[in-house]
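Just so it is clear, none of the values below were taken in a lab; they were calculated from the coordinates. On a predicted model such as this, the values are computed, not experimentally measured, just so you know. Here the Cβ positions follow ideal geometry from the backbone for every residue, glycine too, while neighbour counts run over all protein chains shown.
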Amino acid sequence: MLQPYKAPNYDELAALKISRELTKIFTRRRTIRQFSLEKPDRELIENAVDVARLSPSGANKQPWTFAIIESPEIKNEIRTLSEIEEQRFYIEKPNKKWIEDLKHLHTNGEKEFLTQAPYLIVIFYSHFSWQEKEKSTNYYAKESAGIATGMLISALHMCGLSTLTYTPKRMQFLTTLLDRPAEERPFMLLGVGKPNQEATVPTISKKSLQEVMKIYD
Ligand code: IYR
C-alpha cells in the first residue's frame, strides 16, 4: 500500500541555516577514549536508539538489534575477551602495516574504556531472521547496520554524548556473551558517555570538502 508523504517543510533560508549549523556541530565530533564515570540519563541512550531504528534498511527488514550494556560484570567480561583479541593484534602483530597505519592514533591493546564508559552499545546485524518458524532473508544487512550506526552516533553527538567506535578483529564472542540468537552478528561496539577531564584526542585533520566532493552539473 502507498500513502502520501508529508515532507518536513523548511524554507530555503531556514534550511541553509540548519545545514551550516550541522557542519559546526559535527566538526566538533571526536572519537573519545577516556570517559567520565558520570553516568548520563539512560533516556538519552534509549532516545538515540529510537532514532537509529528509523534508519533506512534493505527491503525495510530492519536487520538490527542494539544491546545496551550498563552491567559492570558484563563490561568486565567484554574487556577481558577484547584484550585477548587485541593481544594477538598488537603483540603478535599478524599485520605490521596495519599497526604502522594506527601509530598516529596512539591506540594499544589495553581497552580501559570498555569498563570506564558508562554505557556500551553493541550493534548486531542478521542476514536472516525467524518469523513464526519461517526463515526471512534480510538484504544488505551490514550496510543497513552501518547506516543505523551512523544515525546512532549522530543522535548521541547532538545530545552531547561522545562515542568510541570499536571493532575487535573477532567479536563473535559478543553474540554468546549477550545471549543473542546465533544469527545475530556483532557489527560494532560503541563506548558511550561524557569525556573525562583528562581526555585527549589525536591531532588529525579531515579531508576537505573539495577533496571528497565532485560535482557534475
Ligand atoms: N581494533 C584495534 C585496532 C584499531 C583498528 C582501527 I581500523 C582503528 O581505527 C583503531 C584501532 C583497537 O581498537 O585498538
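Numbers at a glance
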{"quantity": "For the range 113-168, the spread of Cα positions along each principal axis, largest first, Å", "calculated": "41, 23, 21"}
{"quantity": "The range 57-173: projected area of the alpha-carbon convex hull, averaged over directions, in nm²", "calculated": "9.4"}
{"quantity": "Magnitude of the charge dipole, the range 1-125, Cβ model with Lys/Arg +1 and Asp/Glu -1, debye to 20", "calculated": "500"}
{"quantity": "All lysines inside 23 Å of Lys135 as judged from Cα atoms, apart from same-chain residues fewer than 8 positions distant", "calculated": "Lys61"}
{"quantity": "Prolate/oblate/rounded call for the range 155-217, Cα gyration tensor, a/c under 1.5 rounded", "calculated": "oblate"}
{"quantity": "Separation of the Ser19 and Val51 label points, Cα + 7 Å toward Cβ, nm", "calculated": "2.0"}
{"quantity": "Kirkwood-type radius of the range 1-83, with distances r between different C-alpha atoms, in Å", "calculated": "17.5"}
{"quantity": "The range 148-183 and the range 102-122: distance between their alpha carbon centers, rounded to Å", "calculated": "13"}
{"quantity": "FRET efficiency estimate (nearest 0.05) - Cβ-Cβ, Lys6 to Glu83, R0 41 angstrom", "calculated": "0.25"}
{"quantity": "Along each principal axis, Cα extent of the chain, largest first, Å", "calculated": "54, 51, 39"}
{"quantity": "Subset of Lys111/Lys194; Lys39/Lys142; Lys39/Lys75 violating a 26 Å alpha-carbon distance limit", "calculated": "Lys39/Lys142"}
